[in-house]
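> Here it is: the structure, laid out below.
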Amino acid sequence: MFSMKKAAGVSAAVALVLTGAFSVAPADARSKAPAKTLTIWADGQRAPNLIKAIGTLSEQTAGDYVPGYKVDVKGYASFDALKTAIDAATPANGPDIVMGANDWVPALAKDGKLAQFTLSTSAAKNFTANQLGDLSYGGKLYGVPLDINNVAMLTNDDLVQTVPTSFGAMVDYYKANKVSQGLTRGLCVAGGGMSWGAAGVLEALGGAPYAMSGGKAKTTGAPFTVATFANNVKSLLLNSDGTPNGFFTDSDASCKDDFIAGKVPFAIIGNWEWKDYVAEGFDMGMLSAVPGVKAGTFGAGFGSVSGAMLTSFAAQAGDDNAAKSFLNDFFGSAAGAASYEKYEGRPPANKGAAGIASPGLKGFGIAASKASIPQLGTFLNGGAKDTTGLVLGTKAKPGTKGANVPAYWDALPALWTALVSSDSTLRKDPTVASQLFANIMAANAANSVNN
Amino acid sequence: MRILSGIKIAVIAKIILVSLALAILGLLMQSAFMNGDVQIGSFLAVAMVLIALIYFTKISIPMKFFLPGLLLLITFVVVPVVYTVSMAAYQYKTGNKLSKPEALAMLQKSDAFAQVPTEPRYDLKLGWCDGKYGDAKPVAGPICALVTDYTTDKYFLATADKFTVVPKNLVTFSKLGLPNGVTQTGAQPAWEEFYPDEYATYDKLLNATRFKYDKPGMFMKAEGYSVMAVYAARITYDSKADAFTDIKTGAIYKDNGKGNYANTKNAKDVMTPGWRAVVWFDNFVALFTDPSISQPLISVFIWTLVFATTTVITQFALGLLIAIVLQKKIKARWLYRSIIILPYAMPSIMSILIWGGMLNTDFGAVNNLISLIAGHKIHLNWLTDPTLARSAVLLVNLWLGFPYFYLISSGALQAIPAELTEAASIDGASGGQTFRRITLPLLMQMLTPLLISSFAFNFNNFNLIFLLTGGGPRDVLGGASAGATDILISYTYNIAFSKGTENFGLASAISILIFVVVAAISLYGIRRSKVLETFA
């Protein structure tokens, strides 16, 4: 019978062998400069498309894109999984570059996960100031814009043959055809939700998340004229008795299905889903920005960009300049951006690569060119406090001093509920609700300098 | 002849299994130490020693059975609890996630200098000067940058110590017109571009190099392998005073004791990133003094109590009622039992999402059914009206939970001796009296631990709230930071993971509060019911 000492000895030996078998042997320090690896993290859609563009690790030769380097792309199952991973990343396992949303920038920069990045002069010419602003925080740029995320209004050509020129024209059509065509709504949001996707409707009616001046969002003053917006809501979205006329509701539920079924004449759709509508036979030539109250004006939607961002882990891994080179030379160049977007299929932010856009994407480009506002996380993500009680209340009935001021993402859906909910108990007077929304966004704008 | 006896087989199997466990733990330990996770690595090392000691000696036979459970208990219960408690004492939120040395290093690197916007961005080629190139490549040496200003057609060579203007006639160009070399003449150093593998080898050195510039107070820094930018110092750091000074404004930023360097004249003006700072009880104090937290917390706490209590009472009542009914011999009893267990058999996540759709105001089956019965269209805002949303949450939870109580009540009813009820009947007790005086007290004695655990579960029933109502409806425009159906755990989640900001320290403090409340209520319930005495 084995003695316990022998058993322990055998076990230790087996364990050591097994541990060694699973371990990675350290690289030979004297080996002649083997190719290093630049690591990029992306979500489950972007990662395979980038790999198609640059090749797998085994297909690449060191220096194909960055001298002395190969580029390894790691994909995460979903966008949320990628965000969770980058939030938890450490210098030991973090990537050199992460491909993500522009609204990640403020928090990741605050957490020290991103590093400042400088575009070369030639690459900088390929992007607009708004696009670079989307990937900046505290005056520092953190990445290269990849593609544009925006929405546009699609006119249902089964019902209406020409793109409307004013908001009123759409409301008139709805009222005239509501019963005969069995319309469930006049205008609804099929893509982007009731805050991001519905920004164009807010703007078309005279509202705004923040006031713009010289291409920059203002940190002081009211974001819009409350009386004008409230009057537009009363005349276009409400009946004379103050009840909603049904043209625009506070819910985006079943919008896409209803639109395709011919029960909604106008829908706001995202540029990531236009192919679904083409498959149903809709004409992408009917895309436009949301028409404004005055004919010829348009409501600006968010024209945000996704970005390839430089992480602070790159410097710690000794890959900082390699990562910067890849960002400049691949994503910053027209050829590199085009080769990626050929597979990704979104409208490229890079002007030089815009020629690859399909007719569908061109429609979104036209809509964005008519009216677009940058998506500024520092203004939209909230964080302000109602120190006076007058942001969320009035002099007669002040709110709680020190209460958190909601983010735009929560405030706009709440505004729609207050204006056009089918439940009368949830509705507020349009002027009161609009004033509260304006107060909220003004407070968040003032607080943006602290974000 | 038997080569191996049964005992030998058992010993060999033990060696293999323990070796595998040790190998896996060893691998994890190695990777933990390599990642700098010293605490995890140390714990794994101790675990390995314990496993070897317990299973290869006769030091303690009972521990051979207890050790796996003990290690798992420490890993998955004790450590998270200790971690949560310790995090509650920290300023641990968005912008305060690093250690102080990490944050300080980052601030010194990223904020210490800023690009000079009035200076051009140059094109860059990296290489070596002064003969430190060619076949006899240097092991290390000053990187020499060939800098091109295309706007003025000027060329420079720059190292950390020297900035030299290079006459164009000494620069050689590739067929594409790009500079690719500098000819050596007299004092003019020669220059040769990096070999391809040198970019990767010297990236870290390049990142640390500040190239000399011809203007005072400025230097150049590579921004990749092809861009050179001009920088100037923006802030200075005094390590003795542990303070930063803004060179332009003169503002002084000192450690504010809450994880940031803050402007001494404007506390709101803080430098980021900050760090995880020990703030002791600040997060607990904020629970009761910060109106943005304390005000919703009280209403959320009350609703959580109501929700958990009502849920347990209704689920138990319905489950027991059905158990009593189905105790009697009725036709197709097996069918009823099967149907009643169905909600319990279905994944609750699916059931909740389906209920969410059925409760939709405009298209939901519930409103359609009510409309059908009423004979006209009825719009009940199940999920957007505060009262109806709370009712909906209770209703859906009743649906999800009553089969469980039906099952345990059925079992408990069968465990009550029939003689007791028969004796009561002979003594003239009515059915109601028998139930109240005999069946229910006996049931309660058996089921109280389950009722208490159900209460604790529902006190933290995050899935239901998150999936059905998301905690809403919430009067956002009115400044409500908690929704009508938010319970403490969903409210905590919103604080910890709301858009744009995370506050783990505060969320940990609320978690501890939840633990204290649930523990206190459970303990009270157990003592009142004297359940523990029956186990004594």
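The values are calculated or read from the model by the stated rules, or taken from the named source; none is laboratory data. This structure is a prediction, so every number in the text was calculated from the model and none was measured. FYI the Cβ positions are ideal-geometry reconstructions off the backbone, even for glycines, and counts take in every protein chain you see.
> Is at least one residue of region A:60-67 more than 19 Å from A:A335 (Cα to Cα), small (G, A, S), assigned to a loop (DSSP other than H, G, I, E, B) and in contact with a Lys or Arg (Cβ under 6 Å, 6 or more places away or on another chain)?
Within region A:60-67, one or more residues are more than 19 Å from A:A335 (Cα to Cα), small (G, A, S), assigned to a loop (DSSP other than H, G, I, E, B) and in contact with a Lys or Arg (Cβ under 6 Å, 6 or more places away or on another chain).
> Report, ordered by the first and then the second residue, all pairs with beta carbons closer than 8 Å, sequence separation of six or more or different chains, a first member in region A:115-129 that is within 14 Å of chain B (Cβ to nearest Cβ), and a second member that is among the hydroxyl-bearing types (S, T, Y) and in a helix (DSSP H, G or I).
Partner pairs satisfying both residue conditions: A:A115/B:S110; A:Q116/B:S110.
> Please identify the pairs in which a residue from region B:442-465 that is in contact (Cβ under 8 Å) with a residue 40 or more places away in the chain has its Cβ atom under 7 Å from the Cβ atom of a residue that is surrounded by 17 or more Cβ atoms within 10 Å (Cβ to Cβ) and aromatic (F, W, Y), counting only partners at least 6 apart or on another chain.
If the second residue must be surrounded by 17 or more Cβ atoms within 10 Å (Cβ to Cβ) and aromatic (F, W, Y), the pairs left are B:L451/B:F316; B:N458/B:F307.
> Moving on. For region B:190-232, how many residues meet the condition of being in contact with a Leu (Cβ under 6 Å, 6 or more places away or on another chain) and away from chain A (no Cβ under 13 Å)?
Count: 1.
> Out of everything in region A:411-447 that is under 30 Å from B:N260 (Cβ atoms) and surrounded by fewer than 21 Cβ atoms within 10 Å (Cβ to Cβ), what residue ends up being nearest to the other protein chains (Cβ to nearest Cβ)?
Applying the first criterion (under 30 Å from B:N260 (Cβ atoms)) to region A:411-447 yields A:411, A:439-447.
From the residues that got through so far, the ones that are surrounded by fewer than 21 Cβ atoms within 10 Å (Cβ to Cβ) too are A:446-447.
Working: A:A446: 11, A:N447: 9 Å.
Among them, the one singled out is A:N447.
> Can you tell me how many residues within region A:73-92 are surrounded by 15 or more Cβ atoms within 10 Å (Cβ to Cβ), within 13 Å of chain B (Cβ to nearest Cβ) and not in a loop (DSSP other than H, G, I, E, B)?
Total meeting the criteria: 3.
> Let me ask something else about it. Residues being loosely packed, with under 15 Cβ neighbours inside 10 Å and within 13 Å of chain A (Cβ to nearest Cβ): count how many of those fall in region B:78-99.
Narrowing region B:78-99 to residues loosely packed, with under 15 Cβ neighbours inside 10 Å: B:78-83, B:85-86, B:99.
If we keep only those that are within 13 Å of chain A (Cβ to nearest Cβ) too, we end up with B:99.
Number satisfying all stated conditions: 1.
> Just checking, how many residues over region A:182-207 are over 23 Å from A:D257 (Cα atoms) and surrounded by fewer than 22 Cβ atoms within 10 Å (Cβ to Cβ)?
0
> Ok, one more. If you take the residues of region B:346-367 that are without any contact (Cβ under 8 Å) to a residue 24 or more places away in the chain and loosely packed, with under 15 Cβ neighbours inside 10 Å, which of them is nearest to the other protein chains (Cβ to nearest Cβ)? It would help to see each step written out before you state the result.
Initially, region B:346-367 is screened for residues without any contact (Cβ under 8 Å) to a residue 24 or more places away in the chain, giving B:346-347, B:350, B:354, B:357-358, B:360-367.
From what's left, loosely packed, with under 15 Cβ neighbours inside 10 Å: B:346-347, B:350, B:354, B:357, B:363, B:365.
Details: B:M346: 23, B:P347: 20, B:M350: 19, B:I354: 15, B:G357: 9, B:F363: 6, B:A365: 14 Å.
Among residues in region B:346-367 that are without any contact (Cβ under 8 Å) to a residue 24 or more places away in the chain and loosely packed, with under 15 Cβ neighbours inside 10 Å, the one nearest to the other protein chains (Cβ to nearest Cβ) is B:F363.
> To continue, here is another question. Give the residues of region A:291-318 that are within 17 Å of A:Y142 (Cβ to Cβ), in contact with a helix residue (DSSP H, G or I) (Cβ under 6 Å, 6 or more places away or on another chain) and within 14 Å of chain B (Cβ to nearest Cβ), sorted by residue number.
Hits for region A:291-318 are A:A308, A:L310, A:A314, A:A315.
> Still on this structure, please answer the following. Residues that are under 44 Å from the mean Cα position of the chain (by Cα) and under 26 Å from B:F497 (Cβ atoms): list the helices (runs of 4 or more DSSP H) wholly contained in region B:370-469 that include at least 2 such residues.
Details: elements: B:386-415, B:418-426, B:431-434, B:440-459, B:462-468.
Once the helices (runs of 4 or more DSSP H) in region B:370-469 are filtered for at least 2 residues that are under 44 Å from the mean Cα position of the chain (by Cα) and under 26 Å from B:F497 (Cβ atoms), what remains is B:386-415, B:440-459, B:462-468.
> Something else about it: Name the residue, out of B:A423, B:A429, that is touching a Lys or Arg at 6+ places or on another chain (Cβ under 9 Å) and farther than 30 Å from B:M350 by Cα.
B:A429
> Residue check, A:A279 against (1) among the aliphatic types (A, V, I, L, M); (2) more than 14 Å from chain B (Cβ to nearest Cβ); (3) surrounded by 24 or more Cβ atoms within 10 Å (Cβ to Cβ), all met but one. Which one?
Of the numbered conditions (1) among the aliphatic types (A, V, I, L, M); (2) more than 14 Å from chain B (Cβ to nearest Cβ); (3) surrounded by 24 or more Cβ atoms within 10 Å (Cβ to Cβ), the odd one out for A:A279 is (3).
> Can you tell me which residues in region A:134-182 are among the aromatic types (F, W, Y) and under 29 Å from the mean Cα position of the chain (by Cα)?
Our first condition is that a residue be among the aromatic types (F, W, Y); within region A:134-182, this holds for A:137, A:142, A:167, A:173-174.
Listed by number, the residues that qualify are A:Y137, A:Y142, A:F167.
> Let me ask something additional. Filter region B:478-500 down to the residues that are closer than 21 Å to B:S86 by Cβ and either within 14 Å of the chain's Cα centre (by Cα) or surrounded by fewer than 21 Cβ atoms within 10 Å (Cβ to Cβ) (or both) and list them by number.
B:I489, B:T492, B:Y493, B:I495, B:A496, B:F497
> Picking from B:G95, B:G69, which residue would you name as being touching a Gly at 6+ places or on another chain (Cβ under 9 Å) and farther than 30 Å from B:I143 by Cβ?
The conditions single out B:G95.
> Filter region B:411-445 for residues that are within 30 Å of B:I465 (Cβ to Cβ) and crowded, with 18+ Cβ neighbours inside 10 Å; which is modelled with the highest pLDDT?
Step by step, filter region B:411-445, then rank; the result is B:A412.
> Can you find, within region A:93-112, the residue that is nearest to B:A496 (Cα to Cα) among those that are at the interface with chain B (Cβ under 7 Å from one of its Cβ atoms) and in contact with a strand residue (DSSP E or B) (Cβ under 6 Å, 6 or more places away or on another chain)?
A:P106
> Let me ask something else about it. Could you pull out the residue among B:F113, B:F33, B:F56 that is in contact with a strand residue (DSSP E or B) (Cβ under 8 Å, 6 or more places away or on another chain) and hydrophobic (A, V, I, L, M, F, W, C)?
That would be B:F113, the only listed residue that is in contact with a strand residue (DSSP E or B) (Cβ under 8 Å, 6 or more places away or on another chain) and hydrophobic (A, V, I, L, M, F, W, C).
> Then there's this: Where in region B:143-185 are the strands (runs of 3 or more DSSP E), entirely inside, with at least 1 residues that are acidic (D, E)?
Correct list: B:144-149.
> I've got another one for you. Kindly state which helices (runs of 4 or more DSSP H) lie completely within region A:119-181 and contain at least 1 residues that are closer than 19 Å to A:Q375 by Cα.
A:129-134
> Among the residues of region B:490-536, how many are touching a helix residue (DSSP H, G or I) at 6+ places or on another chain (Cβ under 7 Å), part of a helix (DSSP H, G or I), modelled with pLDDT under 80 and within 14 Å of chain A (Cβ to nearest Cβ)?
Residues that pass the stated criteria total 2.
> Determine which member of the set A:K32, A:K52, A:K70 is in a loop (DSSP other than H, G, I, E, B) and either facing another protein chain (nearest Cβ under 9 Å) or modelled with pLDDT of 85 or more (or both).
Result: A:K32 is the single residue among A:K32, A:K52, A:K70 that is in a loop (DSSP other than H, G, I, E, B) and either facing another protein chain (nearest Cβ under 9 Å) or modelled with pLDDT of 85 or more (or both).
> Restricting the search to region A:385-407, which residues are facing chain B (nearest Cβ under 7 Å), part of a loop (DSSP other than H, G, I, E, B) and more than 27 Å from the chain's Cα centre (by Cα)?
A:L392, A:G399, A:T400, A:K401, A:G402
> Among what's in region B:171-189 and is buried (at least 16 other Cβ atoms within 10 Å of the Cβ) and out of contact with any Cys (no Cβ under 7 Å at 6 or more places or on another chain), pick the residue that is nearest to the other protein chains (Cβ to nearest Cβ).
In this case the residue turns out to be B:N180.
> When you look at B:K154, is it among the basic types (K, R) and either under 29 Å from A:T90 (Cα atoms) or at pLDDT 90 or above (or both), yes or no?
Values: among the basic types (K, R): yes; either under 29 Å from A:T90 (Cα atoms) or at pLDDT 90 or above (or both): yes.
For B:K154, the condition - among the basic types (K, R) and either under 29 Å from A:T90 (Cα atoms) or at pLDDT 90 or above (or both) - is met.
> When you go through (1) under 23 Å from the mean Cα position of the chain (by Cα); (2) buried (at least 24 other Cβ atoms within 10 Å of the Cβ); (3) of a type in the set (S, T, Y) one by one for A:S325, which number turns out not to apply?
The number of the failed condition is (1).
> Every residue in region B:262-319 that is in contact with a Gly (Cβ under 8 Å, 6 or more places away or on another chain), more than 14 Å from every other protein chain (Cβ to nearest Cβ) and either among the hydrophobic types (A, V, I, L, M, F, W, C) or surrounded by fewer than 16 Cβ atoms within 10 Å (Cβ to Cβ) (or both), please.
The answer is B:A277, B:V279.
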